[in-house]
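Reading through the structure tokens given below for one structure.
Here, each number is a calculation from the coordinates, and none is a lab measurement. Just so we're clear, the structure is a prediction, and the values are computed from it rather than from any experiment. Virtual Cβ from ideal backbone geometry, glycine too; neighbours counted across all protein chains shown.
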């Protein structure tokens, strides 16, 4: 079982090489399409109204004039996209990815990733570049994409992902079950897997506590043992989860995300922001 398509947020981020290398590992030996998506951050509505300053024959287009500063800004953004996609293609070839696709989009980054992520099986982001993107904090950006895209989000951190040990945050939510199922292609290559249930694992609105049998059913395609850990209920589940990941020396946390009425992320009782902002390891997030 493998992801059939992987969407990478392509930019001038310092960790782009690690994103592409990770995608190559997941695509190894399989007909997987790796898509490089470059996003300008420019309004797509402005691009529709003012597609360019000149027409195909070089004549000025009515209503298409822009202030010089804005023209230069747009040209710089588009040049950056071109450079980033060229680097993505070079890295993809270097790491042996057989099937790639490139896309360049004028849009808000979070919105574009959410929209185009609907057609992929996995979205790979990095935390190193997200500070200040579109006036969001890094956790807000990742939460937004995870909560609005159909595909799961793999957010890599500064700490290398070594495929050593994955920790699953398990509770009675459907989001947790989907996260586990969405993580299976990734978990296939991980050496050891643990899952943790805090308290009874029941979330608001659930009719039953977290079930080990359901977890095992979700993981049945793996065919490998999973250590299920029980920890006392915690008021601050986010920091408890991070502390356990450090104790186990895990390099991946798998968890489900849900949203409350204000459309900010809530994980296992309201800890999404804490985990995303403070986790030193990779995260697999799924709504």
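Tabulated data for the structure shown
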| read-out | value |
| --- | --- |
| Extension gain (nm, one decimal) between residue 228 and residue 104, 0.36 nm per residue minus Cα-Cα | 40.3 nm |
| Cβ crowding within 10 Å averaged over residues, with 178-186, 25-33, 66-74 ranked highest first | 178-186, 25-33, 66-74 |
| Extension gain (nm, one decimal) between residue 236 and residue 159, 0.36 nm per residue minus Cα-Cα | 25.3 nm |
| FRET efficiency, residue 80 to residue 14 (Cβ-Cβ, R0 22 Å, nearest 0.05) | 0.90 |
| Modelled FRET efficiency - R0 22 Å, residue 178 with residue 202, Cβ distances, 0.05 increments | 0.80 |
| Length released on extending from residue 69 to residue 30, taking residue separation times 0.36 nm less the Cα-Cα span | 9.4 nm |
| Sorted peptide list for 155-167, 224-236, criterion being average Cβ within 10 angstrom, highest first | 155-167, 224-236 |
| Förster radius 30 Å - calculated FRET efficiency between residue 43 and residue 118, Cβ distance, rounded to 0.05 | 0.90 |
